[in-house]
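Encoded as structure tokens, the structure appears first; notes follow it.
Computed from the coordinates by the stated procedures, all read-outs in this text should not be read as laboratory data. Since this is a predicted model, take the numbers as computed values, not measurements. Every residue, glycine among them, receives a Cβ derived from its backbone with ideal geometry; neighbour counts consider all protein chains shown.
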Amino acid sequence: MDPSGTPMQPLLETLRDLWPASEQAQVSRHGRGAQGERGVSKGFLVVPNAAAPRILIPAGNAHAAAASMRRYSAAISLRETLQRWGLALGLQVGAAGLLLRDRIQLDSSGTASLMSHLEAVFSQSVSVSLSVGPARANRKPVLQVFDAKGRSLAFVKVGDSATARGHVMREAESLRVLGTQQFSSIELPSLINMSQWNGMAVLVMSALDTRLVARGPGLARLRRRAMDELAAAFRQPPATLAQTPMWTALRADCLLLQDEEIRTLYGNCLDRVESQFPDRLLDVGAWHGDFSPWNMAQRSHRLQLWDWERFEVGVPAGMDRVHYALNRHLRTAGTTMQTVLDGLEKGAPALADKGSEDGVVVAAYVASISLRYLLGAQGPGGESIDQKSRLMLSTLARLTMQWERAVRV
């Protein structure tokens with residue numbers, strides 16, 4: 001099968017990077033039970049198929065293959081949850097050959113592979129599943145690591161590009177900082193190992209044991225407790241927006257924008273925000289930075305949270321609340337100027353009142369997320385978020401001009 005121009009191409013290219021000494025990875029279709037075929041233990045099964053690949057799972061370890069599918073989040077629908085559960089059950093009893101037809105043969109022997117690097121980290125033989133997200137500036141390989149009995153040992157993120165390396169190293173540092181705290185409402189991964197392999201940054205972190213039912217009736221209350229606890233754990237003295245570390249960083253990073261017109265427009269927006277909220281004191285703490293349904297699950301009385309690469313200290317309290325409401329709304333309503341404004345209002349009901357705390361929190365949030373997207377759009381793969389980055393910048397400009405006109409009236 002020629003993978004060029006197909007959805008399999010990014011996965012196969014990633015395999016060649018992570019197993020550089022292996023012969024060229026190829027997709028093939030098998031017709032017998034996977035466990036009975038020679039050499040399959042050195043390859044992967046494609047879920048659900050090569051036409052629409054979501055994840056590669058280990059072909060030679062039925063328990064690990066089943067565990068690969070038992071990954072749940074609060075964003076997964078009941079239908080998809082049941083599909084994953086059913087596939088995991090089938091894999092557990094050795095029915096992989098009947099359920100999954102496409103596989104990748106791979107020679108995992110030798111020392112020049114990420115697999116051998118991970119085996120050195122864990123001092124034992126391991127197998128892995130592998131997923132690569134949709135094309136975007138910060139796309140990176142994510143692996144789940146299993147022991148010989150199929151027990152989950154860890155998750156691994158690989159920084160295989162300049163942008164991804166920066167994100168992986170930032171998440172490692174975030175986990176170090178967060179590991180100094182004791183949380184009652186939050187469960188998060190712990191840092192196991194941070195290393196370099198073949199020019200790539202390799203972050204190894206503990207795996208969270210997500211449950212089949214990843215959300216319950218108390219999830220909304222649990223989210224609020226988790227947001228408040230995270231912000232409070234890193235509380236700083238009240239400050240105006242311009243005095244916060246986050247705002248200082250935005251001012252500095254604005255200079256990294258390469259397009260002069262965009263840089264000027266963004267800088268003008270920051271100026272207007274400062275003039276509109278000169279004296280309002282804010283509670284200052286920390287935020288997760290991507291507090292979204294797909295990055296969380298509920299387990300007992302704790303909120304499991306992962307993907308901490310955007311964690312930041314020194315921000316106005318309440319930004320996670322706005323981010324969650326906006327992204328949940330955009331997922332169903334689509335992304336337009338109006339849906340963005342509607343989503344912001346869901347997270348900050350008093351947004352229309354420029355003098356309210358909701359107004360200044362939204363201003364801080366939109367300024368932060370706009371710069372995140374604008375800088376991301378400048379790098380490789382940035383074309384995937386270029387339109388969204390400009391939309392968020394336009395939203396920031398519209399809000400600040402509306403507030404400015406309201407003051408004049």
Checklist entry - In nm, to one decimal, how far is the modelled label at Ala162 from the one at Gln236, with both set 7 Å along Cα→Cβ? => result 2.8 nm
Item to check | the range 282-409: C-alpha gyration tensor shape, a/c 1.5 cut-off, then a/b vs b/c | outcome: oblate
Item to check | DSSP-defined beta bridges in the chain - what % are antiparallel, rounded to 5 | outcome: 95 percent
Next on the checklist: Let's test the formula: R0 of 56 Å, r as the Cβ-Cβ distance of Asp147 and Lys346. What FRET efficiency results, to the nearest 0.05?
Outcome noted: 0.80
Next on the checklist: Which one, Gly267, Asn295, Val360, is farthest towards the positive end of the dipole of the range 219-408 when Lys and Arg carry +1 and Asp and Glu -1 on their Cβ?
Outcome noted: Asn295
Checklist outcome for this item: A chain fully extended from Trp85 to Gln182 at 0.36 nm per residue, minus the present Cα-Cα distance, gains in nm 31.7 nm
Checklist outcome for this item: Count of lysine pairs, the chain, Cα-Cα under 28 Å, sep. 8 or more residues or interchain, comes to 11
Checklist entry - What number, in percent, do you get for the relative contact order of the range 9-205 if the mean sequence gap of Cα pairs under 8 Å and at least 6 apart is divided by its residue count? => result 20 percent
Item to check | Whole-Å distance, taken between Cα centres, linking the range 334-403 and the range 191-210 | outcome: 32 Å
